[in-house]
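J.: My structure is below; once you've seen it, I'll send some questions.
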Amino acid sequence: MKVKKYIADTMPEAMNQVRKELGPDAVILNSKEIQQRGMFSFFKKKQIEVVAALDPSPITPKKNPEQVAEQPRMNKTNKPKLENEHVLLEIKNLKKMIEVQSRQGGLSFSPSYQVAYEHLIDQEVHPKLAKEIVELVLEKQGDTEIDVIMNNIGLIIEERLSNVLAPIPLNKKIIQFVGPTGVGKTTTIAKVAAKMMLESDKKVAFVTADTYRIAAVEQLKTYARILNVPLEVAYSIDDYHQAITKFSSYDAIFVDTAGRNFRDPKYINELKKTIDMSMMETYLVLSLTTKPKDIVEIYEQFEHLSIAGVIFTKLDETRQYGSLLNIALEKQVGIAYLTNGQDVPDDLLEADKRVIRNLLVGDYDEA
């Protein structure tokens with residue numbers, strides 16, 4: 001394995017060096033901020049140190065002798081195992097249907113469709129929306145097996161999401177991020193900015209109006225320093241206008257706002273005192289760990305700011321994803337990104353209809 005250390009003024013420069021020398025398959029082992037000493041130990045300059053590695057002869061499944069040797073046996077010995085898994089799945093679904101049939105009343109559908117409907121409810125899809133989706137499948141398909149029903153539900157979800165999924169456009173000049181406290185707005189800004197810089201070579205600047213929390217300003221300053229992005233703090237509407245004017249030559253200006261209690265009406269009024277809402281596109285950052293009813297309430301609290309799209313965070317911290325459908329379909333607002341961790345810029349996913357479908361109903365392929 002080839003391991004090499006790179007030192008550059010900014011993270012994008014370091015990444016470009018890694019890609020140029022080691023190629024796209026290189027793995028980043030470590031990155032940190034360092035200080036390079038100048039003459040006589042004066043004029044210390046902060047730089048980025050990246051340790052990257054490349055395996056010149058990685059082991060692939062085709063070249064693994066054990067896998068090649070065992071392949072004939074796998075076709076024979078694993079066949080009963082796959083059949084057993086199929087039987088266990090059938091038993092599991094049958095058990096669910098027996099449980100449904102054992103209830104004396106209150107069923108909205110026949111057993112197979114009731115199981116599918118209750119699965120969506122368990123995923124915290126709004127009952128009205130879940131019923132509507134299941135009824136559409138019932139009209140087209142009629143009674144059938146549960147896996148076929150779930151697959152058809154997935155197809156409807158994909159179809160419905162086709163027009164409401166879109167990343168933040170690259171031609172937008174000023175992009176504001178709003179949302180309640182604790183959802184990860186500042187980290188999300190850093191992820192989106194880094195993505196634009198690395199993938200689209202955009203020139204980016206930061207403005208923060210989150211002066212309510214001291215730590216928030218320092219956090220964005222840290223990201224700005226690592227990414228080599230300029231940052232201005234706006235304490236008033238005049239500060240905001242001055243910052244926008246100062247960064248007029250930049251491709252994109254990302255604006256961070258204070259995370260506050262979304263039920264406090266003063267919060268929105270404070271935003272208007274520090275930020276010119278007419279100048280920008282606003283993206284609402286929401287956490288998937290928040291209760292579905294609260295997510296709807298949060299959206300409605302910010303709705304009058306003309307929300308251009310929604311970014312959902314903490315995908316990796318929950319197993320219920322119904323809010324993705326509830327907001328996108330009931331509010332007809334686009335989902336721009338999903339985040340699934342703290343790493344910048346890696347843990348950022350463009351919203352994809354197939355991914356969301358699999359999160360909600362699993363990957364049932366048509367046979």
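The values are calculated or read from the model by the stated rules, or taken from the named source; none is laboratory data. Just so it is clear, the structure is predicted and the values come from calculations on it, not from any experiment. Please note: Cβ atoms are built from the backbone with ideal geometry, for glycine as well, and neighbour counts cover all protein chains shown. With ligands, DNA and RNA removed, areas are computed over all heavy atoms of the protein, side chains included. Shrake-Rupley method; radii C 1.70, N 1.55, O 1.52, S 1.80 Å.
J.: Taking R0 as 35 Å, what's the FRET efficiency between Leu129 and Asn228 from their Cβ-Cβ distance, rounded to 0.05?
T.: 0.20
J.: Now a separate question. R0 = 30 Å: FRET efficiency of Glu159 with Leu198, Cβ-based, nearest 0.05?
T.: Plugging the Cβ-Cβ distance into 1/(1 + (r/R0)^6) gives 0.40.
J.: How long are the three semi-axes of the equivalent ellipsoid of segment 186-259, in whole Å, if each is the root of 5 times an eigenvalue of the C-alpha gyration tensor, listed from largest down?
T.: Its equivalent ellipsoid spans semi-axes of 19, 15, 9 Å.
J.: Something else now. What does the accessible area of Lys173 come to, in Å² to the nearest 10, when a probe of 1.4 Å is used?
T.: Using a 1.4 Å probe on the heavy atoms, I get roughly 80 Å².
J.: So if each residue of separation counts as 0.36 nm, and I subtract the Cα-Cα distance between Asp9 and Lys331, what length gain in nm does that give?
T.: Here the segment from Asp9 to Lys331 would lengthen by 111.5 nm.
J.: Moving on. Could you give the accessible area per residue of segment 103-206, probe 1.4 Å, as a whole number in Å²?
T.: Here the residues of segment 103-206 average 43 Å² of exposed surface.
J.: Give me the tail of P(r) for segment 154-225 as a percent: Cα-Cα pairs with distance above 22 Å.
T.: Of all Cα-Cα pairs in segment 154-225, 36 percent lie more than 22 Å apart.
J.: For the pairs Lys20/Lys172; Lys185/Lys353; Lys128/Lys185; Lys221/Lys293; Lys293/Lys353, flag any whose C-alpha to C-alpha distance is greater than 28 Å.
T.: Where the Cα-Cα span goes over 28 Å, the pairs concerned are Lys20/Lys172; Lys128/Lys185; Lys221/Lys293.
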